[in-house]
Amino acid sequence: MVKLQKPEFVYMNGGLRSWNDAVLHIGCEAVTRGLSVFEGLKGYWGRDGCFRIVELRRHYERLQRSARLLHIPFDTSYDAYEGAIFQLAAALLGTERDMWFRTTLYVTEGHWGEGTAADLVVTAYHTEKEIPESIDIGVSTWRRSVDLALPARIKASTNYQVARLARIEGRPRGWSDMVLLNQEGRVAEATGACVLMVRDGTIYTPPATEGALESITLDLVESLASSLGVGFVRRPIDRTELLIADELALCGTLAEITLVRSVDGFTLPSNRITGAIQSKYFAIMRAEEAFGGVVLSAVHSTAATVREPISVSGSRG
Ligand code: PMP
């Protein structure tokens, strides 16, 4: 998890601002109704000394979809979106740590959907380079909301209220993440990641229609599984299946591939397949291994300048 940080700069109102100047008015809908949609993106230092951001265009497109579903105007071009992230990366990057970027559309003007205007804000936080440790998780009593109320497909900040409640619930038991079930009691997703379950050598994950975000990392895991000759199936998952699974892992931009040691106190017997996926994932992110199934955009930065990005691989496959 990213530790709370106060970086020196934030991208807001079309340029870099100091952290202390990055404020919103209490009267805007971003504050009064928590009206904002966002994306979390990750950038990695490769072994070759190049810093690359993962699947920029796909994050931009998902932000567009979230905004469209909530009737939030988002007229920033892809190039401007990328430019804003690169500008902030150049200002804050240090070689000893990677970065996680949050690109948020805050609704700054309008009332109940009339006269809506939003500002694209980019914040960036340092993350350690280590592969995440295995974790213990639980199944929350809180439920994922339905598509007709707070749709999981929309990456709105308000969707994370239930994630917060679930984490608070699990913390006293030493559980660092929680699985949220949907209204039918089947697995939806974790608080900020999708669930990977292995049974009899195949990876299973719930489809987005079970109440999960349409995850970009999950698509990559699907390609990785295929390259390793491992089956990958999207189908509903019962709660009890988690408890008798051979392996469990969480996947997401920030969670990366995090192996699960236990769920609700049940110890998982293996991490053979999820461990192999994890190793391959990090080898690709660190540019130790080429892989056609992911697009990484290189940021050439010398503290204050950013040159043209280079796409280091082809399209998803
Ligand atoms: N579900 C939730 C609730 C999330 O916040 C995330 C992280 N964005 C994911 C799943 C994984 O999505 P992605 O792989 O696109 O980061």
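Computed from the coordinates by the stated procedures, all read-outs in this text should not be read as laboratory data. Bear in mind the structure is a predicted one, so any value in this text is a computation, not a measurement. Don't worry about glycine lacking a Cβ; one is built from the backbone with ideal geometry, like all the others, and counts go over all protein chains shown.
List of remarks:
- Pairing residues of region 36-63 that are under 9 Å from THR103 (Cα atoms) with residues that are of a type in the set (Ser, Thr, Tyr) and near the ligand (Cβ under 9 Å from one of its atoms), at Cβ distances under 6 Å and at least 6 apart in sequence or on separate chains, gives GLY40/THR253.
- Sub-8 Å Cβ pairs linking a first residue in region 80-98 that is in contact (Cβ under 8 Å) with a residue 60 or more places away in the chain to a second residue that is among the acidic types (Asp, Glu) and surrounded by fewer than 20 Cβ atoms within 10 Å (Cβ to Cβ), at least 6 apart or interchain, are ALA91/GLU8; LEU92/GLU8, ordered by first then second residue.
- Residues of region 225-258 that are within 28 Å of LYS155 (Cα to Cα), assigned to a strand (DSSP E or B) and more than 16 Å from the ligand (Cβ to nearest atom): VAL233, ASP238, GLU247.
- Test: residue in region 157-175 that is assigned to a strand (DSSP E or B) and touching a residue at least 12 places away in the same chain (Cβ under 8 Å): no
- Close Cβ contacts (under 6 Å, 6 or more residues apart or on different chains) running from residues in region 230-243 that are touching a residue at least 60 places away in the same chain (Cβ under 8 Å) to residues that are crowded, with 18+ Cβ neighbours inside 10 Å comprise LEU242/VAL263.
Conditions (1) part of a loop (DSSP other than H, G, I, E, B); (2) buried (at least 20 other Cβ atoms within 10 Å of the Cβ), marked per residue:
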| position | (1), (2) |
| --- | --- |
| GLY34 | yes, no |
| ASP48 | yes, no |
| HIS59 | no, yes |
| LEU63 | no, yes |
| ARG68 | no, no |
| PHE86 | no, yes |
| THR103 | no, yes |
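- Entry remark, region 179-198: residues being within 11 Å of the ligand (Cβ to nearest atom) and either surrounded by fewer than 21 Cβ atoms within 10 Å (Cβ to Cβ) or hydroxyl-bearing (Ser, Thr, Tyr) (or both) number 2 in total.
- Scanning region 199-211 turns up one or more residues that are surrounded by 14 or more Cβ atoms within 10 Å (Cβ to Cβ), under 15 Å from the mean Cα position of the chain (by Cα) and in contact (Cβ under 8 Å) with a residue 12 or more places away in the chain.
- Qualifying residue in region 137-153 (condition: away from the ligand (no atom under 16 Å from the Cβ) and either touching a residue at least 40 places away in the same chain (Cβ under 8 Å) or in a strand (DSSP E or B) (or both)): yes
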